[in-house]
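Structure, as structure tokens:
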Amino acid sequence: MWQTIGQTKIIEMLKRALVQGSLSHAYLLVGPQHSGKMTLALDLATALNCQSENSTRPCGECATCLKIAAGKHADVQVVSLNQNTDEEVKEHKEIGIDQIKDMLRSASLPPFEGKYRVYIIDEAGQLSMEAANRLLKTLEEPTGKVVFILLTANIRLIPATVISRCQRLNLARLKTEEIESILVNKWSLEAEKARLLSRLCHGCPGWAIEALKNTNLIQERQEKFEKMRTVVKSDYSTRLGVASQLALQFGKKRETVYEVLDSWAGWWRDILLAKTGCRGDIISIDCLSGLDEMAGTYSLAQIKQSIECILEAGEQLKLNANSRLVAEALMLNLPRPAPVS
Ligand SMILES: [Zn+2]
């Protein structure tokens, strides 16, 4: 049983390659966070090593399948940022050359207990240049029973030379209805919660599953929404303080700022939908009263202006504009609420 939710075309293609023995020695899985890249990589690793005699591999029941699911199979290894013990490298948020050298040393040996050695490199965009170049040498001269699976949410962070040596698989976002039905039928979730989570996860089922396990996620999201409402009501000096926090955050971990901007743009989109009477398309159905209140406080033009300046800020940051200037411009351009008729 493949555990990956959706992605049926990719799974069918991999199943065919498994049967025909035509698998690539390296895959690059590209897809947004929580789209199922790690689950798919582990599915493939399990299918490659499953001991079942029949054709429906992975069986999910043999000793190998169970070991891989428990993260205890010697031939299936995940290389990620978290394992880095070197403080300096950790600071730079890189997968360093030593990690890759260790991985390649073990990759040069025959499988220890399974049929294939499988190395999954999570957040492969964080490979240091030196580490990527070392990996490239191996990808150029593939050896026997080894498969490398690189995962990334951002293809632009992967060197073109590495991309060219891998078979690229793009994980698509799933439809809201598809995720809603899976949450009800497979995860036995009550209809109302399934409706909320399937909307909030933006086509990435992993987020919904995580929200099932970690109930704080929804609450934290609602708190962030309230924080945004406070920020847009505040005076300019408070807003500039928020701008300075955002710029600081961007210097430390830019992804968190992109997440803030995405959430804000999403809420303003919902406010627009509330304003224009398209309530059925609203995503944050857990924040309806706040959305309605804002829809009543802002004019249509102001709501559009908010969406535009948030998207513009995201674009400028991606173009490496000065983060403090971008954040300040955003905070000054977000319209202040005024009574509207
Ligand atoms: Zn099995």
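Residue-normalised convex hull volume from the C-alpha trace of the range 27-179: 130 Å³ per residue. Under 11 Å from the Cβ of Ile271, count the other residues' Cβ atoms, weight Lys and Arg +1, Asp and Glu -1, and hand me the total. For residues surrounding Ile271, the net value is +1. One compactness figure for the chain is 1.14, namely its Cα radius of gyration divided by 2.2 N^0.38 Å. If each Cα of the range 1-48 is one equal point scatterer, what is log10 of I(q)/I(0) from the Debye formula at q = 0.14, 0.16 Å⁻¹? Debye curve over Cα of the range 1-48, log10 I(q)/I(0) at q = 0.14, 0.16 Å⁻¹: -0.31, -0.41. Along each principal axis, taking the top coordinate minus the bottom one, the Cα set of the range 191-330 gives 45, 34, 24 Å in descending order. Convex hull volume per residue, computed on the Cα atoms of the range 251-341, equals 96 Å³. In order along the range 186-202, the Karplus-derived 3J(HN,Hα) couplings, from 6.51 cos²θ - 1.76 cosθ + 1.60 at θ = phi - 60°, round to 9, 9, 6, 8, 5, 4, 5, 5, 4, 5, 5, 5, 5, 6, 5, 7, 6 Hz, and Gly and Pro are given as x. Surface composition of the range 281-326: carbon plus sulfur atoms hold 53% of the accessible area, using a 1.4 angstrom probe and ignoring ligands, DNA and RNA. The base-10 log of I(q)/I(0) for the range 10-87, evaluated at q = 0.22 Å⁻¹, reads -1.15 [Debye formula, identical scatterers on Cα atoms, solvent excluded].
Does anyone have the angle between helix 236-252 and the longest principal axis of the chain? Alpha-carbon axes, 0 to 90°, nearest 10? Computed tilt is about 10 degrees.
Solvent exposure of the chain amounts to 53 Å² per residue of accessible area, where only protein heavy atoms count and the probe is 1.4 Å.
Here the sum of -39500 (n - 2.57) over DSSP H runs of 4 or more residues, divided by the residues of the chain, equals -17500 deg cm²/dmol at 222 nm, to the nearest 500.
Under Stokes-Einstein, with the Kirkwood radius over Cα pairs as Rh, the value for the range 96-192 at 37 °C and 0.692 mPa s is 208 µm²/s. Using a probe of 1.4 Å, the accessible surface attributed to Lys318 totals some 100 Å² when neighbouring protein chains are kept in position. A convex hull fitted around the alpha carbon atoms of the range 133-254 yields 178 Å³ per residue. Across the accessible surface of the range 39-151, with the other protein chains kept in place and a 1.4 Å probe, carbon and sulfur atoms take up 49 percent. Converting phi to 3J(HN,Hα) with the Karplus coefficients 6.51, -1.76 and 1.60 and the offset θ = phi - 60°, the range 205-214 yields x, x, 5, 4, 5, 5, 5, 5, 7, 10 Hz in sequence order, with x at every glycine or proline. In this structure, the amide hydrogen of Leu150, modeled 1.01 Å from its nitrogen in the peptide plane, lies closer than 5 angstrom to those of Tyr27, Leu28, Leu29, Ile121, counting only residues at least 5 positions away or on a different chain. Angle, helix 288-297 long axis vs. longest principal axis of the chain, Cα atoms, 0 to 90°, nearest 10? Between helix and principal axis, roughly 40 degrees.
The tail of the calculated P(r) for the range 221-276, taken as Cα-Cα distances beyond 17 Å, holds 45 percent of the pairs. Restricting to Cα pairs below 8 Å that are 6+ residues apart, what does the relative contact order work out to for the chain? Please round to a whole percent. Over the chain, the number comes to 16 percent.
With a sphere of radius 13 Å drawn around the Cβ of Tyr236, what net charge do the other residues whose Cβ falls strictly inside it have (Lys, Arg +1; Asp, Glu -1)? Value of the local net charge: +1. Between the Cα long axis of helix 254-275 and the first principal axis of the chain there is an angle of about 50°, rounded to the nearest 10.
The values are calculated or read from the model by the stated rules, or taken from the named source; none is laboratory data. Being a predicted model, the structure only gives us computed values, none of them experimental. Backbone-built Cβ (ideal geometry, glycine too); neighbour counts: all protein chains shown. All accessible areas refer to the heavy atoms of the entire protein, side chains included, with ligands and DNA or RNA removed. Shrake-Rupley method; radii C 1.70, N 1.55, O 1.52, S 1.80 Å.
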